[in-house]
1. For a quick check of your reading: which strands (runs of 3 or more DSSP E) sit entirely within segment 118-178 and have at least 3 residues that are of a type in the set (A, V, I, L, M, F, W, C) and closer than 30 Å to residue 218 by Cα?
2. Restricting to segment 79-109, name every residue that is over 12 Å from residue 14 (Cα atoms), out of contact with any strand residue (DSSP E or B) (no Cβ under 6 Å at 6 or more places or on another chain) and polar (S, T, N, Q).
3. Quick one: which of 220, 259, 208 is modelled with pLDDT of 95 or more, within 12 Å of residue 164 (Cα to Cα) and not aromatic (Phe, Trp, Tyr)?
4. Going through segment 248-273 one residue at a time, which ones are crowded, with 21+ Cβ neighbours inside 10 Å, within 25 Å of residue 183 (Cα to Cα) and of a type in the set (A, V, I, L, M)?
5. State which residue is nearest to residue 22 (Cα to Cα) when the search covers only segment 71-114 and only residues that are touching a residue at least 12 places away in the same chain (Cβ under 8 Å) and hydroxyl-bearing (Ser, Thr, Tyr).
6. How many residues does segment 185-207 hold that are crowded, with 17+ Cβ neighbours inside 10 Å and part of a loop (DSSP other than H, G, I, E, B)?
7. Among (1) crowded, with 20+ Cβ neighbours inside 10 Å; (2) in contact (Cβ under 8 Å) with a residue 60 or more places away in the chain; (3) farther than 30 Å from residue 337 by Cβ, which single condition is residue 245 missing?
8. For segment 1-83, which strands (runs of 3 or more DSSP E) that fit wholly inside it have 2 or more residues that are of a type in the set (S, T, N, Q)?
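The values are calculated or read from the model by the stated rules, or taken from the named source; none is laboratory data. Predicted model, so just to flag it, every value in this text is computed and none were measured. Don't worry about glycine lacking a Cβ; one is built from the backbone with ideal geometry, like all the others, and counts go over all protein chains shown.
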Amino acid sequence: MLSHKAQVAVLGAGPAGAVTARQMGLAGLDVVLIDPFVPVTGHQIESFPASGAPLAEETGLLRFFCEASDGPAEAMHMQWRDSPETRRFEGKGPLLLHRESLHVALREEAGRHTTLLQARVQKIITSVHGARVRTSAGEVCADLVIDARGRQARKQHKTDLTALPFAAQGNLPAFSMWLEAMTQGWIWVSALPDGTLHGAVFQPPEVLAGMGAEERLTYLAARFSRSANLNQLHGIAAGKPMAAGFSAVDGPLVSARHLLVGDAALARDPIASHGLVHALRSGVQAAVAAKTILDPDLDTRAAHSFLRHKHRAAVAAARLATQGAYADQCRFKTKFWADRPLPEPPAALPRVTQGLVTLAAPLTRAAVLGHDRIHWAPAIKLLAVDDFLTEAGGLNALDVAAACRPAASLHEVANRLGRQHDRRLVFRVLERLTLGGAFAQAGLSV
Ligand SMILES: Cc1cc2nc3c(=O)[nH]c(=O)nc-3n(C[C@H](O)[C@H](O)[C@H](O)COP(=O)(O)OP(=O)(O)OC[C@H]3O[C@@H](n4cnc5c(N)ncnc54)[C@H](O)[C@@H]3O)c2cc1C
């Protein structure tokens, strides 16, 4: 069996793995990207929200997303609340992407900057100095392993939601999306300009368990026949059920030399979309972390701290988005919907705006993403949210701490900062700090 050596082994060349590998390759690291490179199974079309475009553009990857798409969705038709609704996107709709085309394009782009190895990962053995990865094409030795095998990296993880992907024909307007709540789940459909429809029915796993191919077709046809909008679907082809529920690991570091990115770390429930944005963002972050970890002159702990913090923030945001989307549904009150947890109210820390204020917690430090490395920077803790302020538009945590000495009213703190910084920036930063619970009443300890 062949042996390979690289600084970093990336396992899995889905969007997260391909982006991570490409970014590290561009940064000069020696990377091997391992995947069996078989065509994608399951759903064939995905939506890429407009909020993901700036990062895709910044990394030079936007064109791959655009080229894998027929164009943005124009409207979303919903049977989600009591009466039917249509949300028109007015040019800001998500791109409807061909999943296979996107995976191939991102993988080819990664291949321009890394070594591709067509193989299936079988086992990972890590040590303090690196890892050995056993694959179907031999062993790979690397200083760092980044696992991007999607949900398959956590096979043992149970899901509370299964997707049954399908393709069909039907008379729905091109570039439209359809979302429909059912008593036991929901349906998502997207209509492409060539007249094909792609989507998935989302159900508790027990509903689809044990069904053969024929039964799945009969099941889908029966489902659609009960829908006012989808009852004319024909030529239905069903895929295989796949895990689709929200799931997340506690932390993205399996060990100091073994990181998780993309769905392997946090698989979002598709109701909240943004799985691709998370794959992109976590890949970019992991690539800079890898560069920091492998540079003996830089602080590995800063990279670890940064990754943990970003993971916690991503999990919290995903959980909130999922709960918000489910809480919005009010057509059905069955067990399926009752089991979807409601959003928790935000932490009730008092917002200090009156009297003399001071920082509620001592100045600390946080790991921040620089251009090509992660480093420590002075930080103000935002106690109401799991976050920090290090710097915004040239105004940094040290400036704010200095402006709070001696204790003063918020108005006076703003005046002190306003002598050296743009006043609109000062107000924005002070608002963020106030909402984040960064201030306490002077003389009181919290
Ligand atoms: C039904 C459904 C609908 C969705 N719709 C949307 C949507 O509309 N918009 C959106 O943004 N997100 C959506 N998502 C989520 C999105 O698909 C994922 O978040 C995204 O694909 C994650 O990318 P990834 O690279 O982390 O994992 P994956 O895309 O799962 O890629 C994993 C890679 O690892 C490889 N791999 C697996 N095992 C091995 C192994 N043993 N050895 C080597 N390689 C291996 C695979 O071949 C694959 O290339 C949806 C998910 C589901 C289930």
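1. On the way: elements: 121-127, 130-135, 138-147, 162-169.
Once the strands (runs of 3 or more DSSP E) in segment 118-178 are filtered for at least 3 residues that are of a type in the set (A, V, I, L, M, F, W, C) and closer than 30 Å to residue 218 by Cα, what remains is 162-169.
2. Across segment 79-109, the qualifying residue is only 83.
3. The conditions single out 220.
4. 267, 271, listed by residue number.
5. 114
6. Counting residues in segment 185-207 that are crowded, with 17+ Cβ neighbours inside 10 Å and part of a loop (DSSP other than H, G, I, E, B) gives 2.
7. Failing condition for residue 245: (3).
8. Values: elements: 3-11, 31-35, 45-48, 69-72, 75-79.
Per the criteria, 3-11.
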